[in-house]
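S.K.: Have a look at this one.
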Amino acid sequence: MFDGSFQTFERVKREDTVIVIASVKNKIVMLKQKQPGSNWFYCTPSGRMDVPGEKPLAAAKRELLEETGMQAKKFFLWKKHETSGKVTSTIYFFIARDCEKVTAQKLDVGEKIKVSLISFEEYLKLADNPQSHMWETIIDSLKARLDKKYKNYLKKVIFG
C-alpha cells in the first residue's frame with residue numbers, strides 16, 4: 001500500500017474474447033441468441049478464445065463459421081481493448097467482409113442462434129435496444145449517430 005503496509009486484492013483473468021462485425025454486401029450479420037439462464041438477445045458473432053494455443057484471428061474465423069456457417073473473403077483486426085480491474089481480459093474486434101454461407105451452423109449445446117441481415121442504420125439503433133448485448137461496441141454506434149464523420153468512418157470500416 002502507499003503507506004508501506006500490505007493487503008491482498010483479488011483479480012480474475014477471463015479468457016480473451018473475439019467479436020466479429022461481419023457483412024454480406026451492404027448488410028450486417030446479426031444474431032438473435034439465447035443461452036441457458038438468459039432471455040433472447042442480439043449480438044454479433046463472438047466468443048471466448050478457449051482452444052489452447054488459438055490465435056485471435058483463428059478464433060474469430062472459427063466463431064463466425066460455428067455461429068453463422070459463414071466465411072469471409074476479407075478478415076482483419078479492427079481494434080483491441082484490454083480490460084483492467086478485478087476482471088482482466090483482452091477483447092479483439094474483427095471485421096469480416098464479403099461473407100457467404102458455406103456450411104450449416106455448428107452451435108455449442110448452450111447456444112440457440114438465429115442469423116439475420118440488417119442495415120447499417122438498424123445496427124446503429126440496436127444501441128437503444130435493452131435486448132442488445134453489444135456493450136463493447138455501443139460507444140461506436142452512439143458516436144456514429146452523433147458525428148457524421150465518425151459514421152462515415154465506421155461504415156467504411158465495416159463495408160470497405
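Nothing in this text is a laboratory measurement; each read-out follows from the coordinates by a stated rule. Model, not experiment: these values are computed from the prediction. Cβ placement follows ideal geometry from the backbone for every residue including glycine, while neighbour counts extend to all protein chains displayed.
S.K.: What's the extension gain from residue 9 to residue 39 if we count 0.36 nm per residue and subtract their Cα-Cα distance?
M.R.: Taking 0.36 nm per residue and subtracting the Cα distance, the gain is 7.4 nm.
S.K.: Take residue 50, project a point 7 Å from its Cα along the Cβ direction, then tell me which residues of segment 56-84 have their backbone nitrogen under 18 Å from it.
M.R.: Counting backbone N atoms under 18 Å from the label point, the list is 56-69.
S.K.: Please work out the C-alpha center-to-center distance from segment 137-158 to segment 18-43 and express it in whole Å.
M.R.: 19
S.K.: Now, a different point. Which of the trypsin sites (Lys or Arg not before Pro) across segment 25-126 are loop residues per DSSP, with 13 or fewer other Cβ within 10 Å?
M.R.: Counting only loop positions with at most 13 other Cβ atoms within 10 Å, the trypsin sites (Lys or Arg not before Pro) in segment 25-126 are 25, 86, 106.
S.K.: Might you report the magnitude of the Cβ-based charge dipole of segment 1-122 about its Cα centre, with Lys and Arg at +1 and Asp and Glu at -1, to the nearest 20 debye?
M.R.: The dipole magnitude comes to about 380 debye.
S.K.: Take every DSSP beta bridge whose two residues both sit in the chain, then give the antiparallel share in percent to the nearest 5. It would help to have the intermediate numbers written out before the result.
M.R.: Details: 27 of 36 bridges.
Antiparallel bridges make up about 75 percent of those DSSP assigns within the chain.
S.K.: So, in nm, how far is label residue 119 from label residue 107 when the simple model puts each one 7 Å beyond its Cα toward the Cβ?
M.R.: With each label point 7 Å from Cα toward Cβ, the separation is 2.8 nm.
S.K.: Here's something else I'd like to know. Which value in deg cm²/dmol, rounded to the nearest 500, describes the helix-derived mean residue ellipticity at 222 nm for the chain, given -39,500 (n - 2.57) per DSSP H run of n ≥ 4 and division by the residue count?
M.R.: -7500 deg cm²/dmol
S.K.: Okay, next question. With no solvent and one point per C-alpha, what does the Debye sum give as log10 I(q)/I(0) for segment 75-128 at q = 0.15, 0.17, 0.18 Å⁻¹?
M.R.: After summing over all Cα pairs, the log10 values are -0.80, -1.00, -1.09.
S.K.: For the chain, just run the numbers: alpha carbon Rg, then divide by 2.2 N^0.38 Å, N being how many residues it has.
M.R.: Normalised Rg, Cα atoms only: 1.14.
S.K.: Assuming a ≥ b ≥ c are the square roots of the Cα gyration tensor eigenvalues, decide whether segment 1-44 counts as rounded (a/c under 1.5), prolate (otherwise, with a/b larger than b/c) or oblate. Let's see the in-between values first.
M.R.: On the way: a/c = 5.09, a/b = 2.49, b/c = 2.04.
Prolate, since a/c reaches 1.5 and a/b exceeds b/c.
S.K.: 5 Å is the cut-off here: which amide hydrogens, built 1.01 Å from N in the peptide plane, fall below it relative to residue 134, excluding neighbours closer than 5 in sequence?
M.R.: none
S.K.: Further question: Run the numbers for residue 128 and residue 25: contour at 0.36 nm per residue of separation, minus the present Cα-Cα distance, in nm.
M.R.: Numbers: separation 103, 0.36 × 103 = 37.08 nm, distance 2.46 nm.
Result: 34.6 nm gained on full extension.
S.K.: Would you pull out the residues with amide H under 5 Å of residue 49's amide H, same chain only if 5 or more places away, H placed 1.01 Å from N?
M.R.: Here 16, 17, 18 satisfy the definition.
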